[in-house]
Amino acid sequence: MSGYMGFVGVSTAQSSIMKIFPTWAGILGLPTRTLIGHDLPVDATPEQYVRLVERIRDDPDHRGALVTTHKMGLYAAASELFDELDQFSTLCGEISSISKHDGRLIGHAKDPITAGLAVGEFLPADHFGRTGAHAVCLGAGGAGTALTWNLAERADAPERIVVTDTSPERLDHLRSVHARRGTPDGLISYLLATDPAATRGVFAAAPEGSLIVNASGLGKDRPGSPVPEGTAFPEQSYVWEFNYRGTLEFLAQARAQEAASGLVVVDGWRYFIHGWSQVIAEVFGVELTEELVAELSKAALASR
């Protein structure tokens, strides 16, 4: 066994992957069973990002890393340190996977792929075209950027995607990403939600069966929910909490209305599985199959 893989986050020791990784390493035949956490505060400085990327780059035993909360900040501060960045990374302005191949430091944005794999497991492929439902994405950060990218690529893209955020800067960044992508005008609405009434209004206007997603980070790295208390979710909607751990207030709100409103409520466990397996495959050059991902998922549940 040699080397180790990294995990860049806020509170990495609390993640299930710290227990699961050695088991996955055995299943995949990886050269190491060691995963180390790199914890940075939510408001990390550019200097902190640069130092971390340089450490990963210059340490021959460091095989690569998965990046969670800091995907956009790390890209903004340290993208010039990479020898190669994939298209998603440069267009979305984020890095979620750091790998090293043939002496080159490579960055990928895997989240659009991960989001597509996860949403495809619970949302029918023809859902938006068949029902006329909308998508509401609460959060315009890295996760929201990835999801809206994927939704816009769907064969049955929703006729309307509403993205809310409390930061005008994040909304402007997301708008620029979709402008570079060539997303059709009018498909995505960008709403500054500094007043609870704004979110309530979005929910009230969303048709039955809409996809409602918490991509805000609230409920994981920070307590809270982007949905004001007492807000009714659209009837028959698919409610997706990106997080699988934390205080999970948004998930509790959805669960409380699940039966009465006919909601389909999904947490972030499968998103977690796909996210980690995609990055591990990139770092170690592993080819994933559906059967292999199923085996990893079974092992992860046993270790959870």
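If the condition is being in a loop (DSSP other than H, G, I, E, B) and among the charged types (D, E, K, R), then the range 40-50 contributes only ASP43. Can you find a residue in the range 174-189 that is surrounded by fewer than 22 Cβ atoms within 10 Å (Cβ to Cβ), in contact with a Pro (Cβ under 8 Å, 6 or more places away or on another chain) and assigned to a helix (DSSP H, G or I)? There is no residue in the range 174-189 that is surrounded by fewer than 22 Cβ atoms within 10 Å (Cβ to Cβ), in contact with a Pro (Cβ under 8 Å, 6 or more places away or on another chain) and assigned to a helix (DSSP H, G or I).
The set of residues in the range 1-39 being in contact with a Lys or Arg (Cβ under 7 Å, 6 or more places away or on another chain), modelled with pLDDT under 95 and part of a helix (DSSP H, G or I) consists of GLN14 alone. Of the residues ILE113, ILE106, the single one that is β-branched (Val, Ile, Thr), in contact with a Lys or Arg (Cβ under 8 Å, 6 or more places away or on another chain) and surrounded by fewer than 22 Cβ atoms within 10 Å (Cβ to Cβ) is ILE106. Of everything in the range 77-103, what is buried (at least 19 other Cβ atoms within 10 Å of the Cβ), farther than 13 Å from GLU282 by Cα and small (Gly, Ala, Ser)? Give them in sequence order. Matches in the range 77-103: ALA77, ALA78, SER89, GLY93. Look at the range 288-304: where a residue is without any contact (Cβ under 8 Å) to a residue 12 or more places away in the chain and a partner is among the hydrophobic types (A, V, I, L, M, F, W, C), sitting 6+ places away or on another chain with Cβ atoms under 7 Å, you get LEU288/ALA281.
The values are calculated or read from the model by the stated rules, or taken from the named source; none is laboratory data. What you see is a predicted model; the values in this text were computed from it and never measured. Cβ: placed from backbone, ideal geometry, glycine included. Neighbour counts: every protein chain shown.
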